[in-house]
Amino acid sequence: MSKNDEVYPCFCSRADIRASASAPQGIDIASEYTGTCRKLSSREVEHRKQREPYSLRFNLKPRTITFHDLCYGVQNYKPGKTLGDFIVRRRDGVHAYQLAVVVDDAMMNITHVLRGSDLLVSAARQIALFHALHWPIPEYAHVPILLGPDGHRLSKRHGDVSLYALRKAGIAPQQVVGWLGYWAGILPEPFPLNAQELIKPFSLELIPRHEITIDPKQFVGG
C-alpha cells in the first residue's frame, strides 16, 4: 500500500454519511460510502486536516473484487453496489478491523479462513488490502449462520442458547455437538457424540449453502 492514492483522509462522520444517502432511510455505512472526501482537492484536504479530526479510507477505485469461496462459490463485489471505500484507521488513531485482521492473518501465515456467511463482504475488503500490500491471499470459506424463528441471527433475545445456559439446564456436551454436526450436514440426525467423532466425516461439501433456522426450545428439548 505504498501508492499515495490507496488511502485518503475522510472527515465524514456517521451522521454525514447517512445524510448524504439518496434513500430516505439512508445507507448501510458498513458496506457503502459515496466517496465525498475522495473528491476533495489536495489544498482543501491539507486545510481541513489542520482543524478537523479525520479517518483514513481505503480507495477501492472502479474495480470488481472476485473470489471463490469454498462454500458459497464465486463471489463478485462491485464498488458502489455492495461495497464502498472503507476505513482502515479511525479518527482516534486506532487501526480498523479490516486492516488489523489482514495484518494478523499475514503475520501468522494463515492459509484458510473459516467463518460465518455474514462476513462474506468483509472477505472482499480484505482481499483488496492483501492485493495492495502484495501479500498472499488465504482461501476463504464462509459457513451459514444460525437464525432464530424470527429470521434474525440467533442471539440472547431468542432465549437461553449460550453454552453456559445449556450446561446449567443439564444439556450434555455430546448433545450440543450432535446438533452442530446435524446443522453442518455431517450427521443425518442430531444424535449425541463426541467432537472428535466429527473430524473424519467433516467436509465443506456437506455444509448447507443457506442460513439455518432453528427453534431454541427444540434445541434445549433435544
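Bear in mind that the values in this text are calculations on the coordinates, not laboratory data. From a predicted model like this one, the values you see are computed outputs, not experimental measurements. Virtual Cβ from ideal backbone geometry, glycine too; neighbours counted across all protein chains shown.
What is the ratio of the Cα radius of gyration of the range 171-213 to 2.2 N^0.38 Å, where N is its residue count, to two decimals? If you can, show how the numbers build up before the last one.
Details: Rg = 10.0 Å, N = 43, 2.2 N^0.38 = 9.2 Å.
Computed over Cα atoms of the range 171-213, the ratio equals 1.09.
Only helical DSSP H runs with n ≥ 4 go in: add -39500 (n - 2.57) per run for the chain, normalise by residue count and round the 222 nm mean residue ellipticity to 500 deg cm²/dmol. Walk me through the numbers on the way to the answer.
Details: 7 runs with 63 residues, N = 222.
Helices in the chain give a 222 nm mean residue ellipticity of -8000 deg cm²/dmol.
Work out from phi, with θ = phi - 60° and the Karplus expression 6.51 cos²θ - 1.76 cosθ + 1.60, the ³J(HN,Hα) of each residue of the range 70-75, listed in order in whole Hz, and give x for Gly and Pro.
5, 10, 9, x, 5, 10
Can you compute 3J(HN,Hα) from phi for each residue in the range 48-64, using the Karplus curve 6.51 cos²θ - 1.76 cosθ + 1.60 with θ = phi - 60°, rounded to whole Hz and x for Gly and Pro?
6, 5, 6, 10, 10, x, 8, 9, 10, 10, 8, 8, 6, 6, x, 10, 9
What shape does the range 60-113 have by the C-alpha gyration tensor, where a ≥ b ≥ c are the square roots of the eigenvalues, rounded means a/c under 1.5, and otherwise prolate means a/b greater than b/c and oblate the rest? Kindly include the intermediate steps, with their values, before the conclusion.
Values: a/c = 2.89, a/b = 1.15, b/c = 2.52.
Judged from the Cα gyration tensor, the range 60-113 comes out oblate (a/c at least 1.5, b/c at or above a/b).
Towards the positive end of the charge dipole of the chain, with charges on Cβ (+1 Lys, Arg; -1 Asp, Glu), say which of ALA106, HIS47, HIS95 has the farthest Cα.
HIS47
For the chain, compute the number of Lys pairs whose alpha carbons are separated by less than 29 Å, excluding pairs fewer than 8 positions apart on the same chain.
Going through the chain pair by pair, I get 15.
To the nearest 20 debye, what charge dipole does the chain have about its Cα centre, counting +1 at the Cβ of each Lys and Arg and -1 at the Cβ of each Asp and Glu? Write down the numbers at each step before the final one.
Working: 27 positive and 22 negative charges, 165 e Å.
Around 800 debye, computed over the chain.
Net charge near SER42, counting Lys/Arg +1 and Asp/Glu -1 over other residues with Cβ under 13 Å of its Cβ?
Details: positive: ARG38, LYS39, ARG43, ARG48, LYS49; negative: ASP5, GLU44, GLU46.
Surrounding charge for SER42 is +2.
Separation between the THR64 and LEU133 pseudo-spin-labels, each 7 Å from Cα along Cα→Cβ, expressed in nm?
Label-label distance for THR64 and LEU133, simple model: 2.7 nm.
Between ALA195 and HIS152, what FRET efficiency follows from the Cβ-Cβ distance if R0 is 25 Å, with the result rounded to 0.05? Show your work: numbers first, answer last.
Numbers: r = 28 Å, r/R0 = 1.11.
After rounding to 0.05, the efficiency reads 0.35.
How much length is gained if the chain between TYR97 and GLU52 is pulled fully straight, taking 0.36 nm per residue apart and subtracting their Cα-Cα distance, in nm to one decimal?
Working: separation 45, 0.36 × 45 = 16.20 nm, distance 2.29 nm.
Extending this stretch completely gives an extra 13.9 nm.
Is the C-alpha gyration tensor of the range 125-173 telling us rounded, prolate or oblate? Criteria: a/c under 1.5 is rounded; beyond that, a/b larger than b/c is prolate, otherwise oblate. Could the numbers behind the result be given before it?
Values: a/c = 4.11, a/b = 2.53, b/c = 1.62.
The shape class here is prolate.
Highest GNM mean-square fluctuation, the chain, Cα pairs closer than 10 Å: which of GLY84, GLY185, GLY151?
Result: GLY151 has the largest fluctuation of those listed.
Calculate I(q)/I(0) for the chain by the Debye formula, one identical point scatterer on each C-alpha and no solvent, and give its log10 at q = 0.09, 0.11, 0.18 Å⁻¹ to two decimals.
Log-scaled intensity ratios, in q order: -0.51, -0.72, -1.28.
Using only the Cα atoms of the range 146-221, build the gyration tensor, take square roots of its eigenvalues as a ≥ b ≥ c, and label the shape rounded, prolate or oblate: rounded if a/c is under 1.5, else prolate if a/b is larger than b/c, else oblate. Each step should come with its number before you reach the end.
On the way: a/c = 2.41, a/b = 1.22, b/c = 1.98.
It comes out oblate by the Cα gyration axes.
Below 15 angstrom from the Cβ of GLY116, what's the summed charge of the other residues (Lys, Arg +1; Asp, Glu -1)? Show your work: numbers first, answer last.
On the way: positive: ARG115, ARG153, ARG209; negative: ASP69, ASP118, GLU211.
It works out to a net charge of 0.
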